[in-house]
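A quick write-up on the structure given underneath.
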Amino acid sequence: MSFPFYTGIIAGMSNKHLIVPSILSADLTRIGDVVLELENAGIDWIQIDVMDGHFVPNITFGPSFVEAIRRITSLPLDVHLMIQDPDRYLEVFAEAGASSLTVHIETCPDIQRTIAAIRELGLHVGVALNPETPVSALTDVLSLVDLILVMTVNPGFAGQTFIQSTLNKIREIHSLLAEIEPRPRIQVDGGISAETAPSAASAGADTFVAASAIFKHPQGIKAGVESLKNSLVGVKTR
Ligand code: DX5
């Protein structure tokens, strides 16, 4: 399925800020309505967090969940694989309807092969790194991917506090991407709110994943999305 993964990129200008709810914290008893609410709130993609209880200490969704969400929306489904040995599952998530697959550099012994396999499936490719993983771990693959996911908390659970020291990593990656065309997006995930998103954007992030700030917003989902969007108005990505 083709979708506007690069929406808003204009040569020479900063990337449009994209808002990507992580439906980990959604009310799953009414997921169809929630997805509709998100669409009406003007979100860009939906992130589905896949956790295996090994790479991260939590267990969440599998391919059948991705397939169910695919049946109720045509929005891009950004599947974040927090699992050991992701190569075994690329095809099944592609068949389920993922639009992009993001794998962790920490889980891929041959990251170039994994990237090539995702491309062969016709999907966009993301590579993620944990807060303690240095940027040097992925310098070789920056030009091969569509998205770099900088984890701004240790992955596993929603509701954690944004780790300030990850801002330096975002700046470093942003500088390294300057010469690459088309420029991969820099996505941030973990503790992203109206308070933390602007500093991540100033450091170079353009794609904002949020669970608590959207699903736990006291005035509801739409207000959560609006508050995140408003916090980014006028903030220039470097
Ligand atoms: C972290 C997950 C995040 C998480 C974000 O392990 O990958 O997507 O759901 O949650 P908040 O926005 O609440 O930090």
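The values are calculated or read from the model by the stated rules, or taken from the named source; none is laboratory data. Since we're looking at a predicted model, the values are computed, not measured. Neighbour counts are summed over all protein chains in view; Cβ atoms, including those assigned to glycine, are modelled from backbone coordinates with ideal geometry. These accessible areas exclude ligands, DNA and RNA; they are computed on the full protein's heavy atoms, side chains included. Shrake-Rupley method; radii C 1.70, N 1.55, O 1.52, S 1.80 Å.
Normalising the average separation of contacting C-alpha pairs (under 8 angstrom, six or more residues apart) by the number of residues puts the relative contact order of the chain at 19 percent.
Residue-normalised convex hull volume from the C-alpha trace of the stretch 162-223: 77 Å³ per residue. Taking label positions 7 Å along the Cα-Cβ direction at both His54 and Asp27, the computed distance is 3.6 nm, reported to one decimal.
Maximal additional length on extending the Thr139-Leu176 stretch stands at 12.5 nm, based on 0.36 nm per residue less the C-alpha distance. Magnitude of the charge dipole for the stretch 4-232, about its Cα centre and with charges confined to Cβ atoms of Lys, Arg (+1) and Asp, Glu (-1), is about 440 debye. At a probe radius of 1.4 angstrom, the accessible area of the chain per residue rounds to 43 square angstrom. Annotation: extensible slack from Glu67 through Ser202 equals 45.1 nm (criterion: 0.36 nm per residue apart, minus Cα-Cα distance).
Within straight-line reach of Lys222, meaning a Cα separation under 12 Å, sit the following aspartates and glutamates at least 8 residues removed in sequence or on another chain: Glu37, Glu39.
For the stretch 94-238, the extents of the C-alpha atoms along the principal axes are 44, 35, 27 Å, listed from largest to smallest.
Over the chain, dividing the summed -39,500 (n - 2.57) contributions of all DSSP H runs of at least 4 residues by the number of residues returns a 222 nm mean residue ellipticity of -8500 deg cm²/dmol. Relative to the compact-globule estimate of 2.2 N^0.38 Å, the Cα radius of gyration of the stretch 1-160 comes out at 1.00.
Normalised by the number of residues in the stretch 30-100, the mean separation of alpha-carbon contacts (under 8 Å, six or more apart) gives a relative contact order of 36 percent. Across the stretch 119-209, the mean sequence separation of Cα contacts (distance under 8 Å, 6 or more residues apart), normalised by length, yields a relative contact order of 29 percent. Surface composition of the chain: carbon and sulfur atoms hold 52% of the protein heavy-atom accessible area at a 1.4 Å probe. Remark: spin-label model distance Arg119-Ser165 equals 3.4 nm, labels positioned 7 Å along the Cα→Cβ axis.
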